[in-house]
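The values are calculated or read from the model by the stated rules, or taken from the named source; none is laboratory data. Keep in mind that what you see is a predicted model, and the values were worked out from it rather than measured. Here the Cβ positions follow ideal geometry from the backbone for every residue, glycine too, while neighbour counts run over all protein chains shown. The area values use the complete protein model at the heavy-atom level, side chains included, leaving out ligands, DNA and RNA. Shrake-Rupley method; radii C 1.70, N 1.55, O 1.52, S 1.80 Å.
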Amino acid sequence: MIGELPELQRLGPPERARLYFADASCELSNRLWRAALGDSQPFSIGSDALPGTFAPPLAALSRAPAAFVRAEPEPSATSAATVQPPDIEPSGAGSSSFSPAVLGPNHIHGGAIELAAARTGLPAAALAATIDAEAGKGADGGWNVLSRNPRSSAAGLGQFLGKTWEGEAERHGTFLHAIAAGRGWLDSAGQLLPAARSALLALRYEPRVAIEAIADYARTNLDRLKAAGIRIEHGANAVAHAAYLAHHLGPGDVVRFLRGGIGDVRAAHLLAAQVGGAEAARRIATAGGGAAEAHRAWLLAFVDHHIRPDRFA
């Protein structure tokens, strides 16, 4: 629980009340989810069981970035992969104009989304839109926390590939890194121990951890785009679109995609991974401009149709 963190004293009463409620809601959602799987055992960082709850590093609230991406990139002496958000006063902006009720059948995850948004400084509606686009869904639209992509290693609410998930665990400052370090899953160089790989990958199916990891990955990808000179307008829609493209393509391909530089061979592979080989071949054949054009048309249409933070505001 978050009650004794001194950073919370910097927040005004409305923001503090919202985070208390979100933390309580998140704990309840984790308990209900574990009960559904027949496991009521609590989780602690030193435990060997699949976690059911994890206290977030809310001290990071004091490190929420003031803006998402500015109009022009600023030079940095450190690599984009290791840039940390600046120390500023928390504003609670990550949770503004968002209510778990707008999530419908997914309201059980609302608390986790609010906490992750507040910690990373992302709009909660943009984070919800990213999850909604990535997660597999049931007939009622509920997110399937156990979803898996049959064409890749992508799994969980965030559909993280195995290697990407491992990288987030090894990257200092992330929510997942805090778990991995606390569980003794990293060696002295900060690399994942082979024996811990299965347990780490299993955390992709833990909704609280997956949501926090999605937020960390989005925050870092937005900062990388900024460092690469990619201009992203302010507002939940622009942030959500950029964050989703980076989440979907990865930090290297997203820069090439936004600059129109993904080649036909790579584009054909990416398209087939999403729609299947036969459908990819059909789209490429009818695109008229090769695989790169077919992939771009499909992905931009998907983003326009599915990445809708306005539905969660």
Please work out which residue is surrounded by the fewest Cβ atoms within 10 Å (Cβ to Cβ), limiting yourself to region 160-177 and to residues that are among the charged types (D, E, K, R) and under 19 Å from E134 (Cα atoms). K163
With respect to A180, is the statement that it is open to solvent by less than 10 Å² (accessible area, probe 1.4 Å), under 19 Å from W298 (Cα atoms), in contact with a helix residue (DSSP H, G or I) (Cβ under 9 Å, 6 or more places away or on another chain) and of a type in the set (A, V, I, L, M) true? no
Among what's in region 140-154 and is closer than 17 Å to H107 by Cβ and out of contact with any Phe, Trp or Tyr (no Cβ under 7 Å at 6 or more places or on another chain), pick the residue that is surrounded by the fewest Cβ atoms within 10 Å (Cβ to Cβ). D140
Can you tell me which residue within region 209-219, out of those that are open to solvent by 10 Å² or more (accessible area, probe 1.4 Å) and of a type in the set (D, E, K, R), is farthest from H305 (Cα to Cα)? D216
Please verify whether region 220-241 includes one or more residues that are open to solvent by 40 Å² or more (accessible area, probe 1.4 Å), part of a helix (DSSP H, G or I), of a type outside the set (A, V, I, L, M, F, W, C) and within 30 Å of W185 (Cα to Cα). yes
How many residues, within region 132-148, are within 17 Å of the chain's Cα centre (by Cα) and assigned to a loop (DSSP other than H, G, I, E, B)? 4
Right, A202: open to solvent by 10 Å² or more (accessible area, probe 1.4 Å), more than 29 Å from F257 (Cβ to Cβ) and assigned to a helix (DSSP H, G or I) or not? yes
Could you check region 257-313 and list, in sequence order, the residues that are open to solvent by 80 Å² or more (accessible area, probe 1.4 Å), without any contact (Cβ under 8 Å) to a residue 40 or more places away in the chain and not in a helix (DSSP H, G or I)? R259
